[in-house]
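The values are calculated or read from the model by the stated rules, or taken from the named source; none is laboratory data. Just so you know, these numbers come straight off a predicted model, no measurement behind them. No Cβ is skipped: glycine too gets one built from the backbone with ideal geometry, and neighbour counts run over all protein chains shown. The accessibility values were calculated without ligands, DNA or RNA, using every heavy atom of the protein model including side chains. Shrake-Rupley method; radii C 1.70, N 1.55, O 1.52, S 1.80 Å.
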Amino acid sequence: MSHTVLMSAEEINLFLDAEFPQIHHGGRTYTVERTDQTGVLVRMDYHEKHIRPGGTLSGPSMMALADLAMYAAILSRIGPVALAVTTNLNINFLRKPAQRDLLGEAKILKLGKRLAVGEVAIYSDGEEDLVAHVTSTYSIPPR
C-alpha cells in the first residue's frame, strides 16, 4: 500500500528537536532514519541507561521506541501535528534484545480523520528476528 509522505526523516527530527526537546535529556537517543511510502524507521541508540537487571534492554525503553516510531509514522503522513496522542499501545516481547541499537519500523494500518492505527516491529540492529511487536492507536486532533 503506497501513501504520500508529507514529512521527511530530517523534517521529523527537526520537528521533534523543536517540539519535544525533552526526549534528548542526557543526550540524543532516538533518530528517525527513514520515511517512505510504507512507513518509518527509528533508531534507539544503545546506552547503559536502557539496561535492566539481567543485562537486557528494558521494556519501557522498547515501549518508548515504539511510541516514537508510531508518532513519526503519523507525522510523515499528516504533517507536523504536535497534539496527536497515543490512546493505546500493546506490546509483545518476543525475545531478549542484543546489547546494541534497536530499530523500530512503524507502519500505518489505517489512517482516519480522528484515529490512526499502526504496528511497530522492533529489531536489534543487524539481526532479522523480531525482539518485540507493537500495535498502537493514536488520536488525531481536529484540524
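Tabulated data for the structure shown
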{"item": "Residue match in segment 72-86 (condition: open to solvent by 50 Å² or more (accessible area, probe 1.4 Å), without any contact (Cβ under 8 Å) to a residue 40 or more places away in the chain and not hydroxyl-bearing (Ser, Thr, Tyr))", "result": "no"}
{"item": "Residues (outside any loop (DSSP other than H, G, I, E, B) and out of contact with any strand residue (DSSP E or B) (no Cβ under 9 Å at 6 or more places or on another chain)) located in segment 11-45", "result": "Leu14, Phe15, Asp17, Ala18, Glu19, Pro21, Gln22, Asp36"}
{"item": "Output for segment 87-103, where each listed residue is of a type outside the set (A, V, I, L, M), open to solvent by 30 Å² or more (accessible area, probe 1.4 Å) and within 21 Å of Arg52 (Cα to Cα)", "result": "Asn90, Asn92, Phe93, Arg95, Lys96, Gln99, Arg100, Asp101"}
{"item": "Lone qualifier among His25, His47 - being free of Cβ contacts under 8 Å to residues at least 12 places away in the same chain, surrounded by fewer than 22 Cβ atoms within 10 Å (Cβ to Cβ) and out of contact with any Pro (no Cβ under 7 Å at 6 or more places or on another chain)", "result": "His25"}
{"item": "Residues that are among the aliphatic types (A, V, I, L, M) and within 16 Å of Glu11 (Cβ to Cβ), drawn from segment 33-48", "result": "Val40, Leu41, Val42"}
